[in-house]
Amino acid sequence: MINTATTFVGKFIEDSFMTFSPEVTSLTFADAVIVLFWSITLSLIVSITYRGTHKGVSYSQSFTQTLVLLGVVVSIVMLIVGTDIARAFTLVGALSIVRFRNAIKETRDVGFIFFIMAVGMACGTRFYALALFFTFIGCSLLFFMYSSQFGQKGLAQDILELNIPTKYDYSSVLSPLFIRNLKYYSILSVDSVNEDIHRLSFIITFKKKMKLFTFKKSEEISDDLTSKAKLLTELKKMDYLTDIKVINGSHSTEI
């Protein structure tokens, strides 16, 4: 009985680590450890870069953590596939059942997804020097664009969130108010609170400050604050709109 159990355990261990045997493939257990080490390290660097260079109010801690996980997963997938075409097609078929329903709120987030996938692929195929060089160049470029305000047009953007019943057409209800009070607006997301209510999120830009000149003195009128007050007042008059919130980088305003 003891000999049978010992034989079973020995067979189990042998079969479990057979993949790392040189007779089966060139992959060794040390290679797997090195791949995981570099994929985790470089993925953490990319996620820290994302957190350090992010602007606006749509930052998500879960997305930052997902970047690390995605880099590790891609490297493991590339390690499993290797040069085996049959494994590659099997993997594509298996992953085709996955459906991603979370909308990407910023185009920049898509760039980070491709960035981390490229790093993970380089680590998984054991091009460690290339992965390290690509990570260094990419993160340096991102920090440079962040510090130099590359591409900025000087528009202060906020996020407007509110609940609206599904029976109302939000575009026809809100568009006239936005046109009167906002310089720019764009739909960010539409989420279902329940069967009867939708949660809407908009990226908005209030009008810039203007100066009013009189014969006595020059008076500055904060037109963006005025337009904000007007917009919130008009939204509040619509009783069916609830949980209205304006969020900017420093605080949020609720009514």
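The values are calculated or read from the model by the stated rules, or taken from the named source; none is laboratory data. Keep in mind that what you see is a predicted model, and the values were worked out from it rather than measured. Backbone-built Cβ (ideal geometry, glycine too); neighbour counts: all protein chains shown.
Details
- Cβ pairs under 8 Å, 6+ apart, first in the range 106-119 and not assigned by TED's automatic domain parsing to the domain that holds Tyr50, second basic (Lys, Arg) and surrounded by 18 or more Cβ atoms within 10 Å (Cβ to Cβ): none
- Filter result (assigned to a strand (DSSP E or B) and surrounded by fewer than 14 Cβ atoms within 10 Å (Cβ to Cβ)) within the range 185-199: Ser186, Ile187, Val190, Asp191, Ser192
- Given (1) out of contact with any helix residue (DSSP H, G or I) (no Cβ under 8 Å at 6 or more places or on another chain); (2) in the same structural domain as Leu231 (by TED's automatic domain parsing); (3) not aliphatic (A, V, I, L, M), number of the condition Phe127 does not satisfy: (2)
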